[in-house]
Amino acid sequence: MAIQRLFIANRGEIAVRVVKAAKALGIHTIQAHSEADTEMLAVKLADEAICVGPAQSKDSYLNIPAILEAAKSTKADAIHPGYGFLSESPAFARAVEEAGLIFVGPSADTIQRMGDKVAARQAAEAAGVPVVPGSDGRIDVSEALSVAEKIGYPVMIKAAAGGGGRGIRIAKDEAELKTLAPQAKAEAEAAFGDGGLYIERAILSPRHIEVQILGDGETAVHCYERECSLQRRRQKVWEEAGAMCLDDETRESLCASAVALAKAVNYRGAGTLEYLYDEAANEFYFIEMNTRIQVEHPVTEMVTGVDLVAEMIKVCGGAKLSMTQDEIKKTGHAIEVRLCAEDPFLNFMPWPGVVSTLKEPTGDGVRFDHFLSEGYQIPPFYDSLLGKVIVHAETREAAIDKLVEALESMEIGGTKTTAPLHLALAADPEVRKGAFHTQWLEPWLEAGNLSATKGDAA
């Protein structure tokens with residue numbers, strides 16, 4: 001059945017994005033909000049809105065019973081989870097389905113399977129997708145030594161139950177592995193109550209490449225790749241479509257592998273497969289799947305013209321994919337930068353405040369996804385992301401020039417933002433050349449490259 005009344009269980013810029021896509025499809029929109037978010041833009045744009053609890057996320061946006069109660073009371077027939085919060089919770093997807101509503105995303109079983117590191121790796125291997133050479137599931141310290149000898153050093157020791165970077169060690173040789181594996185085991189036991197380990201070859205200074213896929217539960221297509229290697233604390237700050245470091249043959253192989261895995265797990269909705277790319281060896285390895293819409297989806301929309309959010313709403317409502325692979329063409333280059341309410345000159349300290357002025361960047365090939373309005377009080381309870389500036393041009397160089405123009409023309413008064421970081425990156429010769437990797441940005445910041453531009457930004 002086609003979706004008629006869509007409940008948006010999220011906030012911020014992604015809520016605005018979903019409201020707009022749904023309204024364009026003629027769907028009635030119902031926006032959930034916490035007590036702290038009554039004045040946010042998505043509440044004003046939606047056909048109706050309902051409070052789901054106090055400011056704290058655990059009492060509102062993460063409160064499954066409250067969200068289901070609100071969805072039922074407003075006669076919603078579907079729930080869009082956005083990204084973050086409950087978007088990758090199998091328990092939430094299951095609860096939505098059991099309540100007789102449509103979950104705008106994959107099935108709870110798919111979310112569960114692809115959210116487990118070992119299960120996702122096994123699914124990838126079964127679909128013929130390359131994974132980083134490593135152990136088959138959990139191992140103990142003695143087994144780690146024989147696996148490392150087989151796959152070659154350096155190796156990364158990881159907590160099987162881990163997350164947030166805890167329980168990870170890199171061993172350059174056997175002596176280091178003997179010392180570090182017991183440490184990783186002890187840390188994992190303390191943090192997760194589970195000392196299980198697995199190891200894989202450490203890919204030093206890799207690129208982070210991801211492929212956008214769409215599926216309808218039976219078939220799947222890709223919308224090409226993105227490069228997301230500029231990261232701070234494992235968080236992406238600058239994203240591009242496509243990845244200039246790939247040759248055509250590698251790109252084709254990478255995207256085909258993503259479609260094979262999406263088909264193998266009967267994927268429904270929009271999803272992203274993340275890979276590490278070893279540039280020196282020209283090899284890519286699957287690392288994980290994000291079973292939701294991504295923050296950086298607009299760069300893919302800019303180069304393909306596909307409305308990913310509309311498409312996921314349609315397929316989850318029972319429609320077949322509206323396009324075949326050969327109909328998806330890529331033109332030009334797109335870049336997205338994340339604007340956060342943080343002071344980049346004060347170690348990215350959060351900076352909630354009142355938006356005193358708002359001047360949006362405009363122009364051909366410029367897009368600004370946000371949830372701001374003049375007089376809006378940025379709440380201190382949530383992620384600091386204010387919005388994203390996205391640009392599209394014929395070449396990467398022209399896109400960077402357009403990004404600089406957009407950032408310089410934009411004005412968000414009353415708060416600090418990370419715009420100076422993006423202007424400094426756009427001016428950096430290495431960034432201009434595309435010569436970076438996942439370990440590049442933090443040393444660049446530590447070397448004082450941003451502080452050196454403070455005079456220019458003033």
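Observations on the structure shown:
- Test: residue in segment 289-309 that is assigned to a strand (DSSP E or B), in contact with a strand residue (DSSP E or B) (Cβ under 6 Å, 6 or more places away or on another chain) and closer than 30 Å to Pro443 by Cα: yes
- Segment 327-359: number of residues that are hydroxyl-bearing (Ser, Thr, Tyr) and at positive phi: 0
- Any hit, segment 367-384, residues being touching a Cys at 6+ places or on another chain (Cβ under 7 Å), under 23 Å from Gln294 (Cβ atoms) and open to solvent by 20 Å² or more (accessible area, probe 1.4 Å): yes
- Failed condition for Ile199, given (1) modelled with pLDDT of 90 or more; (2) over 18 Å from the mean Cα position of the chain (by Cα); (3) not small (Gly, Ala, Ser); (4) not in a loop (DSSP other than H, G, I, E, B): (1)
- Residue selected from segment 408-444 under the condition of a type in the set (Gly, Ala, Ser) and open to solvent by less than 30 Å² (accessible area, probe 1.4 Å), by the criterion farthest from Met244 (Cα to Cα): Gly413
- Residues in segment 345-366 that are farther than 25 Å from Asn449 by Cβ and open to solvent by less than 80 Å² (accessible area, probe 1.4 Å): 10 in all.
- Verdict on Val19 being outside any loop (DSSP other than H, G, I, E, B), among the β-branched types (Val, Ile, Thr) and open to solvent by less than 10 Å² (accessible area, probe 1.4 Å): yes
- Hits in segment 385-399 - residues which are crowded, with 19+ Cβ neighbours inside 10 Å and either outside any helix (DSSP H, G or I) or within 20 Å of the chain's Cα centre (by Cα) (or both): Leu385, Leu386, Gly387, Lys388, Val389, Ile390, Val391, His392, Ala393
- Single condition Ala452 does not satisfy, out of (1) open to solvent by 60 Å² or more (accessible area, probe 1.4 Å); (2) closer than 19 Å to Lys236 by Cα; (3) part of a helix (DSSP H, G or I); (4) not charged (D, E, K, R): (2)
- Considering each residue of segment 284-306 in turn, none proves to be surrounded by fewer than 19 Cβ atoms within 10 Å (Cβ to Cβ), at pLDDT below 95, farther than 27 Å from Leu407 by Cβ and touching a Cys at 6+ places or on another chain (Cβ under 7 Å).
- Unmet criterion (only one of (1) part of a helix (DSSP H, G or I); (2) open to solvent by 50 Å² or more (accessible area, probe 1.4 Å); (3) among the small types (Gly, Ala, Ser)) for Ala258: (2)
- Sole residue being closer than 30 Å to Asn266 by Cα and under 23 Å from the mean Cα position of the chain (by Cα), chosen from Val309, Val366, Val337: Val309
- Subset of segment 202-211 [open to solvent by 10 Å² or more (accessible area, probe 1.4 Å) and either in a strand (DSSP E or B) or at positive phi (or both)]: Ser205, Arg207, His208
- Segment 114-133: number of residues that are surrounded by fewer than 15 Cβ atoms within 10 Å (Cβ to Cβ) and farther than 19 Å from Ala159 by Cα: 3
- Summed over segment 332-369, residues that are in contact with a Lys or Arg (Cβ under 7 Å, 6 or more places away or on another chain), under 19 Å from Leu425 (Cα atoms) and of a type in the set (Phe, Trp, Tyr) total 1.
- Considering segment 139-188, the residues that are at pLDDT below 80 and farther than 21 Å from Gln122 by Cβ include one that is most open to solvent (accessible area, probe 1.4 Å), namely Arg166.
- Where Asp136 falls short, out of the listed (1) closer than 17 Å to Phe284 by Cβ; (2) open to solvent by 40 Å² or more (accessible area, probe 1.4 Å); (3) assigned to a loop (DSSP other than H, G, I, E, B); (4) not aromatic (Phe, Trp, Tyr): (1)
- Test: residue in segment 389-405 that is under 21 Å from Ala15 (Cβ atoms) and of a type in the set (A, V, I, L, M, F, W, C): yes
- Inspection of segment 400-411 finds a residue satisfying the criterion of being part of a helix (DSSP H, G or I), within 14 Å of Cys340 (Cβ to Cβ) and out of contact with any Phe, Trp or Tyr (no Cβ under 8 Å at 6 or more places or on another chain).
The values are calculated or read from the model by the stated rules, or taken from the named source; none is laboratory data. Computed from a predicted model, the values in this text were never measured in an experiment. Because the Cβ atoms are built from the backbone with ideal geometry, glycine has one as well, and the counts that use them run over all protein chains shown. Keep in mind that these areas ignore ligands, DNA and RNA; they rest on the heavy atoms of the full protein, side chains included. Shrake-Rupley method; radii C 1.70, N 1.55, O 1.52, S 1.80 Å.
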